[in-house]
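Here the structure is laid out as structure tokens; the discussion comes afterwards.
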Amino acid sequence: MKTKPNVLPAHNDCPQTTTTGNSRRRKAHRGIEMLSAMGWWSYAIIIVVCVLGMLFGLYIFGRSGSEASNLTQLATATQRAARTQAGFGTANLNTVLYNAGQIPNGWTYNSGTIYNQWNGTVTVTGKTSYFTITDTGIPSSECISIAQTLAAGGVANYLTVGGTKITPASDIATINTACGNANSSVNSTTKTIVMYVGALQ
């Protein structure tokens, strides 16, 4: 009787492999990828915050710029539309300017009252040889830029901010004090700017 040689199972011929080293390498690689991703996310967050800060700054600057532009436009319109041989009279000129279509964009008019972009009132009053424009409800954070622009604009003879006289010769410290500190909880109220335009007596 022939005997068959002992044959080991086929799988015994294959080399034994271990996954421990590969597994560790994969885990380490994944850890590096996670750290890298976290780093990129941190950079992305910083960039987003910076962009939002810039946009907010542009927004604030845009609002203060448009307010100064509207006041200048209204002063020019008043000189053109509300003056007669007798001067500007002594009455409220809001309705005269509204009927002449001279209310600036971004402001509204209702029953004789002009409202600015912060819902403060804007009043144009004749003083015979000159007139005043009183703009109320201006945030302290935007007052400085508006006052600087108006003082240097050449339309108004001078301004008052909260009762403080501002002229083209006024320095930034004077304007800053008049407008107040927007970061102070004590002095973060709104401000009133009055423009004096015309032949002052």
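The values are calculated or read from the model by the stated rules, or taken from the named source; none is laboratory data. This structure is a prediction, so every number in the text was calculated from the model and none was measured. Note that each Cβ is placed from the backbone with ideal geometry, even for glycine, and that neighbours are counted across all protein chains shown.
In table form, for the structure just shown:
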item: When residues of the range 87-115 are limited to those that are of a type outside the set (Val, Ile, Thr), in contact with a Leu (Cβ under 9 Å, 6 or more places away or on another chain) and in a loop (DSSP other than H, G, I, E, B), the one farthest from SER66 (Cα to Cα); result: GLN102
item: Any hit, the range 122-130, residues being assigned to a loop (DSSP other than H, G, I, E, B) and in contact with a strand residue (DSSP E or B) (Cβ under 7 Å, 6 or more places away or on another chain); result: yes
item: Residue match in the range 128-151 (condition: exposed (fewer than 14 other Cβ atoms within 10 Å of the Cβ) and either without any contact (Cβ under 8 Å) to a residue 24 or more places away in the chain or under 17 Å from THR72 (Cα atoms) (or both)); result: no
item: Single residue of the range 164-183 satisfying the filter (in a loop (DSSP other than H, G, I, E, B) and under 15 Å from SER140 (Cβ atoms)) that is modelled with the highest pLDDT; result: GLY180
item: Selection from the range 74-88 of residues that are farther than 15 Å from VAL155 by Cβ and touching a Phe, Trp or Tyr at 6+ places or on another chain (Cβ under 9 Å); result: GLY87
item: Among the residues listed as ALA82, ALA75, the single one being touching a helix residue (DSSP H, G or I) at 6+ places or on another chain (Cβ under 6 Å) and either on the phi > 0 side of the Ramachandran plot or at pLDDT 50 or above (or both); result: ALA82
